[in-house]
Amino acid sequence: MHPNPLFRSEDRALFEALIDEIGFGMVFHTTPDGPRVAHVPLLSTGDGAVQFHLARGNALTRHLDGAAALVTVNGPDAYISPRWYDERDTVPTWDYVALEIEGRVQRMDDEGLEALLHAVIRKFEGRLEGEGWSADESSEATWSRLFKGIVGFEMEVLAWRPTLKLSQKRTPAERERIATGLETSGSPALARLMRSLAT
């Protein structure tokens, strides 16, 4: 989390929306073998928990049940050029949206993992155009074999630490120039957030 309180928020609905929109993050935990990170699809339960699954052989899997861990969700980010400022006698920076989530992790039973997988499939298949893929298209043998290779987890979120660094220190005119610059340089998602979140 950025140390400047200007870049923070208490908007829990926004945090849930970021997880829902991005749908992917990183789980960090210090194991007896040293610090480890796993990259995972994420599903927010909407009631203060986040669910994910890992390969059974992942370096974190055997250490997470009952452990405190950190999950990060990275939103859009981009280089911010001083060319968009009123005064160019400064330095560049980077604007970004990120969410750190800290909490206690519990291993899910098979029923919970099954529900998680179906929810993730429905969610992301629903974002694609055309006829979607359904889990029932996977044979029982294939589903069962692959299911045995993963472990589901749920984190009870104890702390939400967002960073919404969207040039809030700049004037409205500068921020509009920055947003326009971001759009033309290939970062429209960050420009949209700049206009909608940090007004």
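The values are calculated or read from the model by the stated rules, or taken from the named source; none is laboratory data. Please read these numbers as outputs of a predicted model, since none were measured by experiment. These area figures cover heavy atoms from the full protein model, side chains too; ligands, DNA and RNA do not enter into them. Shrake-Rupley method; radii C 1.70, N 1.55, O 1.52, S 1.80 Å.
Some points to look at:
- Normalised per residue, the accessible area of the chain is 55 Å², obtained with a 1.4 Å probe and no contribution from ligands, DNA or RNA.
- List 174, 129, 114, ordered by accessible area with a 1.4 Å probe, largest first: 129, 114, 174
- For residue 108, the accessible surface of its heavy atoms amounts to roughly 30 Å² (probe 1.4 Å, protein chains only, rounded to the nearest 10).
- Cα-based helix-to-principal-axis angle, 188-197 vs the chain, degrees rounded to 10: 80 degrees
- Under 28 Å from residue 148, Cα to Cα: lysines that are on another chain or at least 8 residues apart: 123
- Karplus-derived 3J(HN,Hα), 6.51/-1.76/1.60, for each residue of the stretch 21-26, Hz, glycine and proline x: 6, 7, x, 8, x, 10
- Solvent-accessible area of the chain (1.4 angstrom probe, protein heavy atoms only): carbon and sulfur portion equals 52 percent.
- Ellipticity at 222 nm from helices only: DSSP H runs of n ≥ 4 in the chain, each -39500 (n - 2.57), divided by the residue count, give -9000 deg cm²/dmol.
- For the chain, taking Cα atoms only, Rg and Dmax work out to 19.7, 65 Å respectively.
- For the stretch 1-118, the Rg and Dmax computed from alpha carbons only, in angstrom: 17.5, 59
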